[in-house]
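Novice: Sending over a structure as structure tokens; questions will come in a sec.
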Amino acid sequence: MNRKSMRKAAALGAGAALVFGLSACGAENEAGDGGESSSDLSGTLNGAGASSQQAAVSAWQQGFQTANSDVTVNYDPIGSGGGREQFLEGGTSFAGSDAYLDDDELTQAKERCNDSDVVSIPVYVSPIAVIYNLPGVEDLQLSPQTIGAIFEGTITTWNDPAIAEDNPDAELPDSPITPVHRSDDSGTTENFTEYLEATSEGSWTAGAVETWPIQGGEAANGTSGVVAAVESGEGTIGYADASQAGDLGKVAVKVGEEYVAPTEEAAARVLDTAEQVEGRAETDIALHIDRTTTESGVYPIVLASYQIACQTYEDSAEAELVKAWLTYVVSEDGQQAAAESAGSAPLSDDFREKVQAAIDTIS
């Protein structure tokens, strides 16, 4: 399915006010040591995209701007689809996205990036939690088949036999289920529905999509909107980056013969089985995640969220800012800041080396 054809035109307008304003910068200091040294960089760097990255980006902004006091980094969390749209139209210097560029977008990116490749790197790995608000039920367990049927709309009450089978010791109320989904084009939605398509054994029939396809339930804009909607209701269930779920209940998902909670450790383990998508440039590190794993302790509803930039920019000063920013983001300090702020799983040393090699090609 072509994601671009499913986007709303409104996504473009949401970030249109982000105009690149860059003053001269020094090329020698790129915050390669985690951003602790002095810097000659200056200017304004604008990005937009995945709302799932918002907490991590806030931590990165603080660390990067502390080390580079004459730089301002702006990030508009308008959603993955809108962020990619803005970047491809040249409105921002980089995009945040919970999904990698599709083939049509790669064609557009060639033109936007002065006939160079894109630099697309996973910078943020986090579990997508199935969040719920059901007073009296603290430890909800669900199989992928049951989750698929709930969001498909074929399981509609909390004491349904399928939910009861997953939770033999719980006192489940005879009350309606209100599924909450994203209203905007969302990489989180795409990752979540990709999981449902791969594991639900047909209880989810709408495929892996970026725009929510099922009528009914409640729609909310952005990660924060879904969390707020689940919080304000009763009997609600939704999906959101686990780092932003707050005190809401988080479903333990059946993997093999056990139920696994959405922790950063369990999410990080799924990358051990991830494979790089073939047929792409070396700087385009798109990952295919094995959603059907049955390995113990692995949580498969994971988003590997990307930051996307050009390999070549017309303005060398813009290139140096983007290069320095991404270097800090993937550095040990940057990844630790995101882990502390957003509960993400830091990149391994080997993986960090791989993405840094892609960043180093930016000019």
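Novice: Can you tell me what share of the DSSP beta bridges in the range 127-269 is antiparallel? A percent to the nearest 5 is fine.
Specialist: Once the DSSP bridges in the range 127-269 are tallied, antiparallel ones form about 65 percent.
Novice: Does anything in the range 232-272 have its amide N under 17 Å from the 7 Å Cα→Cβ label point of residue 294, and if so which residues?
Specialist: Counting backbone N atoms under 17 Å from the label point, the list is 253-260.
Novice: Express the relative contact order of the range 127-269 as a whole percentage, based on alpha carbon pairs under 8 Å and six or more residues apart in sequence.
Specialist: 38
Novice: Where does the charge balance sit around residue 352 when Lys and Arg score +1, Asp and Glu -1, over other residues with C-beta under 12 Å from its C-beta?
Specialist: -4
Novice: Can you tell me, using C-alpha contacts under 8 Å and at least 6 residues apart, the relative contact order of the chain as a whole percent?
Specialist: Averaging sequence separation for qualifying contacts and normalising by length gives 25 percent for the chain.
Novice: Rank these for me by crowding, 66, 211, 312, going from fewest to most other beta carbons within 10 Å.
Specialist: Fewest-to-most Cβ neighbours within 10 Å comes out as 66, 312, 211.
Novice: Work out how far the C-alpha atoms of the range 127-269 reach from end to end along every principal axis, then list the three figures in whole Å, largest first.
Specialist: 37, 33, 29
Novice: A further question follows. So if we plug the beta-carbon distance of residue 277 and residue 66 into 1/(1 + (r/R0)^6) with R0 = 35 Å, what FRET efficiency do we get, rounded to 0.05?
Specialist: Efficiency at R0 = 35 Å is approximately 0.50.
Novice: Now a separate question. Give me the percent of DSSP beta bridges within the chain that run antiparallel, rounded to the nearest 5.
Specialist: Close to 60 percent.
Novice: Would you please give the residues with an amide H less than 5 Å from that of residue 40, counting only those at least 5 places away or on a separate chain, with H modeled from the backbone geometry?
Specialist: 26, 29
Novice: May I pose another question? Name the residues whose placed amide hydrogens come within less than 5 Å of the amide hydrogen of residue 288, ignoring near sequence neighbours (fewer than 5 apart) on the same chain.
Specialist: Excluding prolines and chain starts, which carry no amide H, the hits are 275, 276, 277.
Novice: While we're on this one: Of 336, 276, 54, which is the most mobile in a GNM of the chain whose springs link Cα atoms less than 10 angstrom apart?
Specialist: Maximum fluctuation in the GNM of the chain, among the listed residues, is at 276.
Novice: Let me ask something additional. Taking amide hydrogens as modeled 1.01 Å from N in the peptide plane, which residues meet the under 5 Å criterion relative to residue 123, leaving out close sequence neighbours?
Specialist: Answer set, sorted by chain and number: 305, 306, 307.
Novice: Can you put 165, 85, 105, 218 in order of Cβ neighbours within 10 angstrom, beginning with the fewest?
Specialist: Fewest to most other Cβ atoms nearby, the residues stand as 165, 218, 105, 85.
Novice: At a 10 angstrom cut-off on C-beta neighbours, averaged per residue, how do the peptides 220-232, 290-302 rank from highest to lowest?
Specialist: Descending packing order for the listed peptides: 220-232, 290-302.
Novice: Ok, one more. Pop the C-beta distance of residue 112 and residue 363 into the FRET formula with R0 = 22 Å and round what comes out to the nearest 0.05.
Specialist: 0.90
Just so you know, all these numbers are worked out from the coordinates, no wet-lab data involved. Computed from a predicted model, the values in this text were never measured in an experiment. Glycine also receives a Cβ, built like all others from the backbone with ideal geometry; neighbour counts cover every protein chain displayed.
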